[in-house]
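The values are calculated or read from the model by the stated rules, or taken from the named source; none is laboratory data. It should be emphasised that the depicted structure is a prediction, and the values quoted were computed from it without experimental measurement. Don't worry about glycine lacking a Cβ; one is built from the backbone with ideal geometry, like all the others, and counts go over all protein chains shown. What goes into the accessible areas is simple: the full protein's heavy atoms, side chains included, and nothing from ligands, DNA or RNA. Shrake-Rupley method; radii C 1.70, N 1.55, O 1.52, S 1.80 Å.
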Amino acid sequence: MAATTRSERPVRSGDNRGGPLIITEDERLLDDLLRLCAAAGALPEVAPGLLAHTGAWRTAPLVIVGDDCAHRLDGASRRPGVILIGPDTDDREPWRRAVAIGAERVLALPDGEHWLVDRIADAVEGVGPPALTIGVIGGRGGAGASTLAGALAVTAARTDRRTLLVDADPLGGGLDVLLGGEKEKGLRWPAFTESRGRVACAALEESLPRLHSLRVLSWDRDSDVIIPPPAMRAVMAAARRRGGVVVVDLPRRVDEATAEALAQMDVGLLLVPTELRAVAAAQRAAVGVQRVLTDLRVVARAGPERHGHALPPADIARLMDLPLAGELPWETGLSTDLSRGVPPGARVRGPLARFCTGFWARAGAAAEGRGEGERAGPGPGAGLRGPARPGASAGAGPGPAAGEGSVAGTAGGRAEGRDGGWT
């Protein structure tokens, strides 16, 4: 590794807070840590040798301690967010020193570099509990999945939730059009096709069009764009890290990119009209979805009139062998409202808005009942479902990685909602 002088290194002064605090005298280790901070978009403060700024120890969002200096911190006050970098995690001595200084992890480089970059970026971004992420899939073409997804997002934003609406269906016509914002300035999917690794969640949010108090990621009508799976994974992970609510309009056909989006879902809502052919079509759609998403629920969508051929919602759920999330009544005048630029769910007393309000109330009550701490853990669906799905992509938060270990183990176990509600 080429030598680097301290004057050339990008570090903060003690008066500029925001980045991690690095405590080490090991030149090679310091070079590695500065490189990783740069990859995470963080400007660190370096306190070589002795802890020169006691205030930085208390206020830094993350403290990274080289094993060479750990013995000098034995008397330091305990604080969360301390990472010890040791030469070998199989050696018992770094673990003993980690316990002495209250470190939460012992990490070896280069094996733990990817984990550490994510951890630094999370600390700098101030990441909290991941967003409650809901996917909406139409049981058949024209079922109204985009309308329901838009209404869920509009309703969430109306109740002061941080809300992001993601259009993952390239053939859906564009959710920005549905919300009357196709001319609104902001980035669309083509700008994110080359995204890989970690996307800054704050930058993602700020770059998107803002419509009806929510952010929308939709399609560019002038481009024939295919979203690569790594780009979908990176964008969805960033959306979840920002917190609040993410609603995703999903296509019925599950390709690799759609599978990446489904892997980030907490709950999927399969919208099924109350007719037999729709149930037959929805059963085929559900097969592909359930290969990735285990918590899939039925929303029965009523037609304009109740007649003898309409299937009861409970029968649809039974035929689908899925829990019933509820029935969505027919809303007279909805098509006219949409053609006039009124977003779905805007009429607070309408059946669509009432359904969405009840849905979020149940979801919120479950999150509060189980404790926000459960949802703050890594992986999609924490606190809302059972164990993580096989093959689900990481990205909602850093988890165990090669070359690192947790000083204090993490608890698992999550409750699963039943009967279409979070009870």
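As a fraction of the 1.4 Å probe accessible area of region 87-165, surface on carbon and sulfur atoms comes out at 47 percent. With 0.36 nm allotted per residue and the present C-alpha distance subtracted, the residue 193-residue 59 stretch has 44.5 nm of extension available. Which whole-number percent of Cα pairs in region 75-227 have a distance greater than 28 Å? Taking all Cα-Cα pairs of region 75-227, the fraction more than 28 Å apart is 41 percent.
Its residues counted as N, region 243-328 yields a C-alpha radius of gyration over 2.2 N^0.38 Å of 1.12.
Subtracting the Cα-Cα distance of residue 203 and residue 332 from 0.36 nm times their residue separation leaves 42.5 nm of extension gain.
Take residue 71: with every protein chain present and a 1.4 Å probe, its accessible area is about 100 Å².
Fully extending the segment from residue 160 to residue 68, taken as 0.36 nm per residue of separation minus the present Cα-Cα distance, adds 28.3 nm. Inter-label distance, residue 339 to residue 31: 6.9 nm, where each label sits 7 Å from its Cα along the C-beta direction. Size of region 272-367: Rg and Dmax of its alpha carbons, in Å, are 14.7, 39. Roughly how far apart, in whole Å, are the Cα centres of region 241-292 and region 221-236? Each part reduced to its Cα centre gives a spacing of 17 Å.
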